[in-house]
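The values are calculated or read from the model by the stated rules, or taken from the named source; none is laboratory data. Note that the coordinates shown come from a computational prediction; the quantities given were computed from them, not determined experimentally. Glycine gets a Cβ as well: all are built from the backbone with ideal geometry, and neighbour counts include every protein chain shown. Note: areas computed on protein heavy atoms with side chains; ligands, DNA, RNA excluded. Shrake-Rupley method; radii C 1.70, N 1.55, O 1.52, S 1.80 Å.
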Amino acid sequence: MTGVKLTELVEAAGCAAKLAPGYLSEVLADLPRIDDPNLLVGFDASDDAYVYDLGGGQALVGTTDFFPPMVDDPFLFGQVAAANALSDVWAMGGTPKLALNLLCFPNCLGLEVAGQILAGGANKCAEAGVIVAGGHSINDHEPKFGLAVTGLVDPACMLANGGARVGDALVLTKALGTGVLTTAHKAQLLDDAGVKVATDSMITLNKYGAEALTGLDAHAATDVTGFSLMGHGCEMAEASDVTIRISAGSVPVMARAREMASMGLIPAGAYRNRDFFGPRVQMGVEVPLDLSDILFDPQTSGGLLVALPADQAEMYAERMREKGQPAAVVGTCEPRGEHSVIVEM
């Protein structure tokens, strides 16, 4: 190892390094659309992955995700990045099968560091039952790592973010706070023990959240990542033509995240999320600012947000809690109103 800390080499970390959602929206609006009846899901509804129908009850699910490190340990960074990239396939109701490594690596770091990043990614792929079939690497002044992932899904069982129905309840499978806690840790205001709750969550595969849906009638799903619970909630609400009502007091939040947020340790991505999605969110005046900031906090390898019948929601949350996840029923879907998301205590 070189002794260089990975997080010292990057300007932004994890999913907080995403382009601002407003800027990205403008770029995507100018891209040409190619009509193909087999393309069941593209980028039109801001979904998690594409789905391409192969016929015979089988479709391809494809996605890619990579980002700069939010932790200094290269093996742990590889684990987080791989778990995050694989998540999009599970969020679509699919099963990931193959992955390609995407590695950007600076000359100032030794090859052992690169090997540990790749080993961390391979570790999570093995846990997921995914074959790492190759990849691509380039020299870059900032380290970045992720995967291009291909999976399979039965189109009849596909979960898009546009399937939520009026009367559905919403379950969030992981706690919020990864952006705030890793920002505080980078600022040396939170020790290793304090940030461990975030890293433990980030390396937990959403495979287990997908498996826990077996036998339940889920209508829509997305994973909560860089655009925050509010951003991904807006996307689900708008794609489904509903309004989502969130009970802020029911949202699971990581230990010390509100404390760090109240100290102003908010990643820049949270402000970008608030700027873009804020006008579509009715935030109750009774919601404390620190909690409101966490609702806009960009999550890295966050949990699943699942819409399913109200009488099945607590059962699903309980299944996740039995797996050690702090899942909770956090909201409901109601007829479309002026705002995409309404937040109350």
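Below 15 angstrom from the Cβ of GLY55, what's the summed charge of the other residues (Lys, Arg +1; Asp, Glu -1)?
Numbers: positive: none; negative: ASP36, ASP53, ASP154.
Residues near GLY55 contribute -3 overall.
Check the chain and count each lysine pair with an alpha-carbon distance under 14 angstrom, considering only pairs eight or more places apart or from different chains.
So the count of such lysine pairs works out to 10.
Starting from the Cα-Cα distance between MET315 and ASP275, subtract it from 0.36 nm times their residue separation and give me the gain in nm to one decimal. Walk me through the numbers on the way to the answer.
Values: separation 40, 0.36 × 40 = 14.40 nm, distance 3.54 nm.
That pair, MET315 and ASP275, stretches by 10.9 nm at full extension.
What percentage of the solvent-accessible surface of the chain, computed with a 1.4 Å probe over protein heavy atoms, is contributed by carbon and sulfur atoms? Provide the component values of the computation, followed by the final result.
Values: 7710 of 14060 Å².
The nonpolar share, carbon plus sulfur, comes to 55 percent.
In whole Å, what is the distance between the alpha-carbon centres of the range 130-209 and the range 289-345?
Between the Cα centres of the range 130-209 and the range 289-345 lies a distance of 16 Å.
For every helix of n ≥ 4 consecutive DSSP H residues, a contribution of -39,500 (n - 2.57) applies; sum these over the chain, divide by its total residues, and give [θ] at 222 nm rounded to the nearest 500 deg cm²/dmol. Could the numbers behind the result be given before it?
Values: 11 runs with 119 residues, N = 345.
Result for the chain: -10500 deg cm²/dmol, rounded to the nearest 500.
Working from the pairwise distances between different alpha carbons, so that the mean of 1/r is found and then inverted, what is the chain's Kirkwood radius in Å? Before the final figure, lay out each step's value.
Values: mean 1/r = 0.0500 Å⁻¹.
Value: 20.0 Å, from the Cα pair sum.
Using a 7 Å offset from the Cα along the Cα-to-Cβ direction at both ASP72 and GLU286, what is the distance between the two label points in nm, to one decimal?
Between ASP72 and GLU286, the label points sit 4.4 nm apart.
Calculate the FRET efficiency for GLN58 and GLU211 from the Cβ-Cβ distance with a Förster distance of 22 Å, rounded to the nearest 0.05.
On the way: r = 20 Å, r/R0 = 0.89.
Working from the Cβ atoms, E equals 0.65.
Label points 7 Å out from Cα along the Cβ direction at GLU142 and ASP241: separation in nm?
4.0 nm
If you split all Cα-Cα distances of the range 206-248 into 10 Å bins from zero, what percentages do you get per bin, shortest first?
Each 10 Å bin holds this share of Cα pairs: 24, 46, 30.
Sequence gap at least 6, Cα distance under 8 Å: using those rules, report the relative contact order of the range 179-258 to the nearest whole percent. Don't skip to the end; give the middle numbers.
Details: 28 pairs, mean separation 26.1, N = 80.
Here the relative contact order equals 33 percent.
Can you figure out the FRET efficiency of VAL132 with ASN107, using R₀ = 25 Å and their beta-carbon distance, to the nearest 0.05? Walk me through the intermediate numbers first.
Working: r = 24 Å, r/R0 = 0.97.
E(calc), rounded to 0.05, equals 0.55.
With no solvent and one equal point scatterer placed on each C-alpha of the range 164-312, evaluate the Debye formula and give log10 I(q)/I(0) for q = 0.10 Å⁻¹, two decimals.
Normalising to I(0) and taking log10 leaves -0.33.
Provide the per residue accessible area, probe 1.4 Å, for the chain, rounded to a whole number of square angstrom.
Numbers: 14060 Å² over 345 residues.
The answer is 41 Å² per residue.
If the label point is 7 Å along Cα→Cβ of ASP191, which residues in the range 239-273 have backbone nitrogen under 12 Å from it?
none
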